[in-house]
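For reference, the structure discussed in these notes is given below.
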Amino acid sequence: MADASISVRGLWKVYGPRAARIVGSPDADLPRAELEARTGCVVAMRDIDIEVAPGEVFVVMGLSGSGKSTLVRCLTRLIEPTAGTVRIGDIDVTTADRDQLLEIRRHHVSMVFQHFGLLPHRTLIDNVAFGLEVQKADKRARRAKAEEVLELVGLGGLGNRKPDQLSGGMQQRVGLARALATDPEILLFDEPFSALDPLIRRDMQDEVIRLRREVNKTMVFITHDLSEALRLGDRIAIMRDGRFVQVGTPEEVVAHPADDYVSNFVRDVPRSHVVAVGSVMKPPIYGDYAGTVPTTTKVRDVVGQVAASPLPVHVVDAEGAIVGSIDRVTVLSVIAGADLAPTSGE
């Protein structure tokens, strides 16, 4: 991928004595307990390749112990990789010295953790401005920026409060504002909402979706929650035992799981919630029609239109040209989980 924001090649993390000898060896494929008993080593992450485009939300999901948090920490060398390369823009993170790493962490990348890490004795303004303070920004400038991003995350006017005066969801908004204050190119999220109540968690997901639209940052988002991954990700990587099992769009992962492991993950996800009409439309049916929808519309969102009329619904591209049609049979087939061979309008 040309001009990727993040490029990862052959990334490994092995814990234990003489860890490098495990990389790429037959021992690396041993069951975890057997490998540890034989060598004293544990493979946390193996042979990971990633290309994340500018402005993309790349979600890594998996169960506890799958290696996803290790991966996101290796991107800025909070954890040192055992082998492989990480590039952020044109910077080789894996060969960077201490000063270069500080530059990357202070100016190019910000991280949002599950635990907010707010400074309890400081006001929200000062918490949000902390990264700018580390950068030695002018006090007036950093206060103005902190007020601006607090407004952006829906906490305008609360800058003089202390963290203990806020709910968990509001504290996480402060953490998000702090990450945005330094105007990084990349945001890394390590299960930031997993400790929140479900309704607050959904609000925070909405906030990430909104912010992505408004500030257009590249994001890598770690989660163990499939519904969160499907809501947020442009692409999703399913991780198991330290390696990627499948990487694809939400639609690809749900409609075409790579193996039984992924199938079990997505089996309870209604396909109509993630499959776009552009993927299952028929060639255009000209004549009377019940309405138009963009190609990106989810199948579930046209159920009302096709239920209300026997006529087809036209599918249109970004310029408004008709590129296909969708009808009751197609919609019902997707809902029923039938395999459809998508047909383009060509």
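How large is the direction-averaged shadow of the alpha-carbon convex hull of region 141-269, in nm²? Averaged projected area of region 141-269's Cα convex hull equals 8.9 nm².
For the modelled label position 7 Å from the Cα of A321 along Cα-to-Cβ, which residues of region 265-293 have backbone nitrogen atoms closer than 14 Å? Of the residues in region 265-293, 284 have backbone N under 14 Å from the label point off A321.
Of V23, V86, L118, which is farthest towards the positive pole of region 18-136's charge dipole, taken about the Cα centre with +1 and -1 on the beta-carbons of Lys, Arg and Asp, Glu respectively? In region 18-136, that residue is L118.
Can you sort K139, K162, K217 by 1.4 Å-probe accessible area, starting with the largest? Don't skip to the answer; put the middle values down first.
Working: K139 145, K162 70, K217 25 Å².
Putting K139, K162, K217 in descending order of accessible area: K139, K162, K217.
Rg and Dmax, both from the Cα atoms of region 204-346 and both in Å, are 16.6, 54.
Heavy atoms only, 1.4 Å probe, whole protein assembly: order Y289, Y261 by accessible area, highest first.
Working: Y289 115, Y261 40 Å².
Sorted by accessible area, descending: Y289, Y261.
For region 233-304, trypsin sites (Lys or Arg not before Pro) are listed when DSSP marks them as loop and at most 12 other Cβ atoms sit within 10 Å of their Cβ; the list is R267. When the Cα centres of region 1-51 and region 284-313 are compared, how far apart do they sit, in Å? If you average the Cα positions of each part, the centres end up 48 Å apart.
Using a simple charge model, +1 on the beta-carbon of Lys and Arg, -1 on the beta-carbon of Asp and Glu, nothing else, what dipole does the chain show about its Cα centre, in debye to the nearest 20? Before the final figure, lay out each step's value.
Values: 41 positive and 47 negative charges, 224 e Å.
Value, rounded to 20: 1080 debye.
Taking the Cβ of R46 as the center, what net charge do the other residues with Cβ under 10 Å away carry, scoring Lys and Arg +1 and Asp and Glu -1?
Details: positive: K13, R243; negative: D29, D47, D241.
Neighbour charge sum, excluding R46 itself: -1.
Of the residues R46, R18, ranked by 1.4 Å probe accessible area with the largest first, the sequence reads R18, R46.
In the chain the Cα-Cα distances spread across 20 Å bins starting at 0 as 26, 50, 23, 1 percent of all pairs. Here the sum of -39500 (n - 2.57) over DSSP H runs of 4 or more residues, divided by the residues of the chain, equals -9000 deg cm²/dmol at 222 nm, to the nearest 500. Which of these, L132, L35, L152, has the largest mean-square fluctuation under a Gaussian network model of the chain (Cα springs below 10 Å)? Per the Cα network of the chain with a 10 Å cutoff, L35 tops the list. Accessible surface calculations at 1.4 Å, restricted to protein heavy atoms, place the chain at 48 Å² per residue.
Calculated FRET efficiency, R9 and E133, Cβ-Cβ r, R0 41 Å, to nearest 0.05? Before the final figure, lay out the partial values.
Working: r = 35 Å, r/R0 = 0.86.
With a Förster radius of 41 Å, E is 0.70.
Think of the chain as a dipole: +1 on every Lys or Arg Cβ, -1 on every Asp or Glu Cβ, centred on the Cα centre; then among I200, G55, S7, I200 lies furthest on the positive end. Entry for region 137-180 at q = 0.28, 0.31 Å⁻¹: log10 I(q)/I(0) = -1.04, -1.18, Debye formula applied to identical alpha-carbon scatterers, no solvent contribution. Percent of Cα pairs in region 265-336 per distance bin of 10 Å, from zero to the largest separation: 23, 56, 18, 4, 0.
Summary of the geometry: region 100-142 and region 180-228, compared by the centres of their Cα atoms, lie 18 Å apart.
Could you calculate the FRET efficiency of T296 with L199 from 1/(1 + (r/R0)^6), where r is the beta carbon distance between them and R0 is 41 Å, rounded to 0.05?
Working: r = 27 Å, r/R0 = 0.65.
My answer for the efficiency is 0.95.
The values are calculated or read from the model by the stated rules, or taken from the named source; none is laboratory data. None of the values given here were measured: they were computed from a predicted structure. Here the Cβ is made from the backbone with ideal geometry for all residues, glycine too, and neighbour counts use every protein chain on show. Each accessible area value is taken on the protein alone, full model and side chains, heavy atoms only, with ligands, DNA and RNA left out. Shrake-Rupley method; radii C 1.70, N 1.55, O 1.52, S 1.80 Å.
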